[in-house]
Amino acid sequence: MMNIQEFRKGLGDGVPIAAGYLSVSFSFGIMVLNGGLSIFQGALMSLTNMTSAGQFAGLQVIIAGGTLLEMALTQLIINLRYALMSLSLSQKLSEGVTFRQRLVIAFANTDEIFAAAMSRGKSLTFSYMIGLQLLPILGWTSGTMLGAAASGLMPPVLGSALNVALYGMFIAVVTPAARRSRPVLFAAALAAALSCLFYYVPALKSVSSGTAIILATVAASAAAAVLFPIKEEGGGEA
Amino acid sequence: MIYVYIAVMAGVTYLIRAVPLTVFRKKIENRFVQSFLYYVPYACLTAMTVPGIFYATRSPISAAAGAAAAVALAFRGKGLLTVAAGACAAVFLAEQILICL
């Protein structure tokens, strides 16, 4: 049963997220075409994955010709945070949400959609969640298509500049957290150091980029978790 | 082959989201696991950014300018889009200057 009022409320809350996604996925679309994939493949990836960091790493695995196991592991590690978000979200769904509806809602539980859903005062209905997810899904997919389509028309100097947009987003997520929290700074610095090690040390160069990201992430996160265990539940950092 | 890659990506990502929302709905009690999961996004995003960002543009110098601009803007608490746009603008400007030199 759809509740139109709830659906509309969700749509409205999804507008700013969709606008943000449109511009970020635009730069992802450029990377897709630079990586030798087609516009359709890029759009399909965005539509079916709904994740920035995961898709970015996945694209690198594809370009490097990595194995499917490497691809699966890369996605598992990078997107593991969604499991936490889904756990929290499941506590906040209203009683009436069925098993099948949960299967649908799970599809686009992104960082931003999760944050918007959790900031809503009351328990969440299926209608609201569908409304909330709809425009961001469209924005993310169409932005990828637009970026890929535009990249062929763009002068190289502009393409070069837009290539750092996604990295800029990553920096925008990590920097404020690292500023507030020494442990986060430690985890990030260690991950950067390990990542550089894999990139520059000749003996480690045979390690593919996807595997390097996995190893650096797991090692840095585990070290930080041992040295600086968090106090309560880490929720709310999304 | 690319479609197989995309299918694996989508499948793994969906399962990560769907399983805790449907079957496994208990809270994670283990403190190490909680802490580990808390740090993963930051470690992972940083591992992808460094050193990758320095080879994303036409010159490591312009890329460094972009990275510096992004860190400076993010440090001042600017939003995602401002930071991303600032990084792009810095790369663009740096490359204009490099061409002139």
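The values are calculated or read from the model by the stated rules, or taken from the named source; none is laboratory data. Computed from a predicted structure; not experimentally measured. Positions of Cβ are generated from backbone atoms using ideal geometry, with glycine treated the same way; all protein chains shown enter the neighbour counts.
Observations
- Output for the stretch A:62-83, where each listed residue is farther than 22 Å from residue A:107 by Cβ and touching a Gly at 6+ places or on another chain (Cβ under 6 Å): A:63, A:66, A:70
- Qualifying residue in the stretch A:140-158 (condition: at the interface with chain B (Cβ under 7 Å from one of its Cβ atoms) and outside any helix (DSSP H, G or I)): no
- Considering (1) more than 22 Å from the chain's Cα centre (by Cα); (2) more than 19 Å from residue B:55 (Cα to Cα); (3) at the interface with chain B (Cβ under 7 Å from one of its Cβ atoms), the lone condition that residue A:199 does not fulfil carries the number (2).
- The single condition among (1) buried (at least 18 other Cβ atoms within 10 Å of the Cβ); (2) more than 7 Å from chain B (Cβ to nearest Cβ); (3) free of Cβ contacts under 8 Å to residues at least 24 places away in the same chain that residue A:207 does not meet is (1).
- Scan of the stretch A:185-204 for residues that are in contact (Cβ under 8 Å) with a residue 24 or more places away in the chain and either touching a Phe, Trp or Tyr at 6+ places or on another chain (Cβ under 8 Å) or in the same structural domain as residue A:28 (by TED's automatic domain parsing) (or both), ordered by number: A:186, A:187, A:188, A:191
- Scanning the stretch A:215-229 for residues that are surrounded by fewer than 21 Cβ atoms within 10 Å (Cβ to Cβ) and touching a residue at least 24 places away in the same chain (Cβ under 8 Å) turns up A:218, A:219, A:223, A:227, A:228.
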